[in-house]
Amino acid sequence: QVQLVESGGGLVQPGGSLRLSCVASGSIFRINSQNWYRQGSGKQRELVAGVISDGSTYYADSVKGRFTISRDNAKNTVYLQMNSLKPEDTAVYYCNYHIFPKNYWGQGTQVTVSS
């Protein structure tokens, strides 16, 4: 089993920044990918950013150039640096690990972008 705990969410003004963290514990090996998803009110959950085992990253078009995913394997932590935040980035952000054949999810952290 794998446990994921997110932190770093909060209220920020448009144009501001936040850094989300996801700490993993448990049977962490042979990770296929580490991802951040988000779900806005009344919307479907969507992939925001991810990093695969070789270090390659990918981003949703809506966050390219503003968000950066990174990881610290020694700390079993994956980060999402979010800059130039917009009101439409408001959502619950979820950490996801894909360790074949299972997906593991954190409990989510709320990000609210508002003046």
Verdict on residue 113 being out of contact with any His (no Cβ under 7 Å at 6 or more places or on another chain), touching a residue at least 40 places away in the same chain (Cβ under 8 Å) and under 15 Å from residue 4 (Cα atoms):
no
Keeping to the stretch 3-47, report how many residues are over 15 Å from residue 92 (Cβ atoms) and of a type in the set (D, E, K, R).
2
Among the residues of the stretch 1-15, which ones are among the small types (Gly, Ala, Ser) and either outside any loop (DSSP other than H, G, I, E, B) or more than 17 Å from the chain's Cα centre (by Cα) (or both)?
7, 10, 15
Starting from residues that are part of a strand (DSSP E or B) and at pLDDT below 95, keep the ones in the stretch 25-51 and report whichever is farthest from residue 78 (Cα to Cα).
26
Within the stretch 63-115, residues in a strand (DSSP E or B) and of a type in the set (Lys, Arg) come out as 71, 102
Per the list (1) among the basic types (Lys, Arg); (2) loosely packed, with under 15 Cβ neighbours inside 10 Å; (3) under 19 Å from residue 13 (Cα atoms), residue check on residue 66 breaks on (2)
Before we move on, is residue 70 in contact (Cβ under 8 Å) with a residue 40 or more places away in the chain and of a type in the set (Gly, Ala, Ser)?
no
Cβ-Cβ below 6 Å, separation at least six or inter-chain, first residue in the stretch 30-42 and of a type in the set (Gly, Ala, Ser), second open to solvent by 20 Å² or more (accessible area, probe 1.4 Å): which pairs?
33/52; 33/98
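The values are calculated or read from the model by the stated rules, or taken from the named source; none is laboratory data. Keep in mind that this is a model prediction, so the values were computed, not measured. Backbone-built Cβ (ideal geometry, glycine too); neighbour counts: all protein chains shown. The protein model used for the area step is the full one, side chains on, heavy atoms only, and it has no ligands, DNA or RNA in it. Shrake-Rupley method; radii C 1.70, N 1.55, O 1.52, S 1.80 Å.
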